[in-house]
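Bear in mind that the values in this text are calculations on the coordinates, not laboratory data. A quick note: this is a predicted structure, and the numbers were derived from the prediction, not measured. No Cβ is skipped: glycine too gets one built from the backbone with ideal geometry, and neighbour counts run over all protein chains shown.
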Amino acid sequence: MAEPENRVSNKDSNIVQQILKRVELDFKGKITLNEIALEQHYNASYLSDIFRKNVGVTFKTYLDEIRMRYSLFLLQNPEASITNIALSSGFSDEKSYYKAIKNKFSATPLQLRKKLQEWNDEGISFIDSLDRQYIHHYASLPLAPNTLEENTVQTTIVKDIRTDGYELKPVWNKIINIGSAYTLLNQNIRDQIKEMQEEIELEYIRFEGLFNQEMDVVQKDRDGLKFNWKFINNILDYIRDIELKPFICLSYMPLLFASKSSSFFNYQGNTSPPKEMSQWLSLVQSFMMNCINRYGRDTVSKWYFQIWTEFPVHDIHWSGTLEQFFELYKQTALLIKGISPSLKVGPAAENFHTDEHISEKLLDFCQQNEVPIDFYSCNIYHNRVKFNEWLDRSITSPVDIKSIPFQYEDKNHTKNMLEKMHRILKTHYPKDIEFIVTRWNFSWDVTNLLHDTAFMATFIIENMLDPSATHAKAIGFLTASDILYEWDIKSTPFFGGTGLVNTEGIKKSAYYAFAFLSKLGGTVFAKGKNYIMTKQGENIQILVYNHTYPNQLFMKGQQADQQSYDIFEESNDLSLNIHLQNIYGTYKCKQYSLNRNHGSAYDEWIRMGEYVDLDYEETDYLKKISRPSLQLKQLTLTGDFHLSLHVPVHGIECIILNKFYN
């Protein structure tokens, strides 16, 4: 290490000593200088500066050195796995530990272990030969017996497959969002959706911006206004061809009908009420009749028609008053139901941006005025805009999403919002109507790199299998693809987009979460923390997942610039021993493993060097290699099935037992 600069003051020296003691106590955890600064009410930049001046290196360099030196003691144990050594020493994963050792010693951890053993055999204490100037006494403490396994939780699960179960209610494969309607004219999107439909078997595709300027619906010539459905019909034909059904959001306001120039998103969807309600109603009537005449009333009656996108909050999505929105919904819903009572209508989505829920007012309004509602919806994201810091911005012009200040909700946010919406509907609307989560994701921030990581797969499965999910008929993921016209599309292959597939058509970890969920059988015979077991006839499906959530600093919006995997709560690997009873016959056993090393295209891209402009060969390589690993074997079972699983953090194991019949 470098020689420390002269200490600036006794005060600074005392502060640094406190930091050193904190590191000594907590270096095995996910300690950061930002976290210490927050706790001690200091500026993080100030702490960083005085630490470097007093110690001679940056805080991160010091922390990494401490962790590495501690790991050398663990490395001398030949029974210790490299993964457990890395985690026990405070490294985020095996990869970061491997990199640190390689940079320091020009050797891999296994090569270094061999050297350590050789030097110890020769009577040379390798540890004592290292520079100890800033290393505290803990580095020479004897290794505690339980240290190697402290980062692994071991569980044994014994289940009888003949146990009476209950019906699985899949809410995850009903709806997928694609953004604006115009996106579906893109052939790349069409190819992605078609491939997705073959593996996940979705039911509806939801899109907005039906009446945006680029759709060229409202035209004006010498004879006056007319409606053109050419682009829309092209989209609807494509959706039918791939055996999906449309979930159509009637938005935004055509410019020729708009009462204001207010708009949102890159495509400038107009968010204002109509100048004349009759023009809007004429547009909707023409569209509905076009659909019925083209596809038949019975077919169109299976579609959903959502009137507008989201409830108005701070003029986003709707720049009129709440009363104007209620009137728009009333008139539009009555019009559509007047065309045919079998058509499904519902209002814009509750968004939970504020503590005041517009749903309560709208539901009361609909009851009092006999306004029809066939389905009710909300959007759920774990990110929240810090509106107090953002209200002075203009929202009528294109918004730079990186300028939006976010904070994040806790890990139970999806569950809490599902239960809250369920209570609101029961309290304020006595009729039994469908409840749909139209858009759901960890966040709608299309620059959040967590969307690209292995974290998303376990986040999806954890929430989709929670009992609260059954409050909804469907939960629509945002979005199918990173190709969105709402925000700028970045040049890098991975930039934090909300899609299951990136702009190059490379499937993310999140994609495989839905693929695994779609493999589950119809009857659940066992379920617990981190696992579910189902059956379909005599076939068995097992899904095990190891989910962890971002830490408090990230949730408060104070760790936005950290590396993607450095912001999670401290967590453990899982070691499971599964024993199934009363299972007989010959089975093909498929075992899929999804984790940072298998099925995470983002992690593979990082390992390739994070190259920005991938050519065809490189893209094709990522598509092929970034898949879950698959093991196959044939088993003859005479009553018992045993399986041992190691599931790392952000990892998933999917086991399929398909029975052979003679």
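Annotations for the structure displayed:
- From phi via Karplus (6.51, -1.76, 1.60), per-residue ³J(HN,Hα) for the stretch 628-635 in Hz, x at Gly/Pro: x, 6, 9, 10, 10, 7, 9, 10
- Residue 568 long-range amide H proximity, modeled H, under 5 Å: 551
- Residue 416 versus residue 260: modelled label distance in nm, points set 7 Å from Cα along the beta carbon direction: 3.1
- Geometric descriptor of the stretch 169-519, per residue, is 134 Å³ (volume of the convex hull of the Cα atoms).
- Cross-link table 159/624; 194/337; 174/659; 194/623; 490/623, entries beyond 25 Å C-alpha to C-alpha: 159/624; 194/337; 174/659
- Theoretical ellipticity at 222 nm over the chain - DSSP helices of four or more residues, -39500 (n - 2.57) apiece, nearest 500: -10500 deg cm²/dmol
- Cα-Cα separations in the chain greater than 42 Å, expressed as whole percent: 35
- Within the chain: Cβ-based charge dipole about Cα centre, in debye rounded to nearest 20 (Lys, Arg +1; Asp, Glu -1): 920
- The protection proxy used here, the mean number of other Cβ atoms lying within 10 Å of each residue, ranks peptides 434-447, 516-529, 587-600 as follows, highest first: 434-447, 587-600, 516-529.
- Exposure proxy for 615, 488: other Cβ atoms within 10 Å of each Cβ, ordered fewest to most, give 615, 488.
- FRET efficiency, 1/(1 + (r/R0)^6) with R0 41 Å, evaluated for residue 115 and residue 46 via beta carbons: 0.50
- The C-alpha radius of gyration of the stretch 519-662, expressed as a fraction of 2.2 N^0.38 Å, stands at 1.29.
- Taking amide H as placed 1.01 Å from N in the peptide plane, the amide H of residue 157 sits under 5 Å from that of 577, 578, 579, each at least 5 places away or on another chain.
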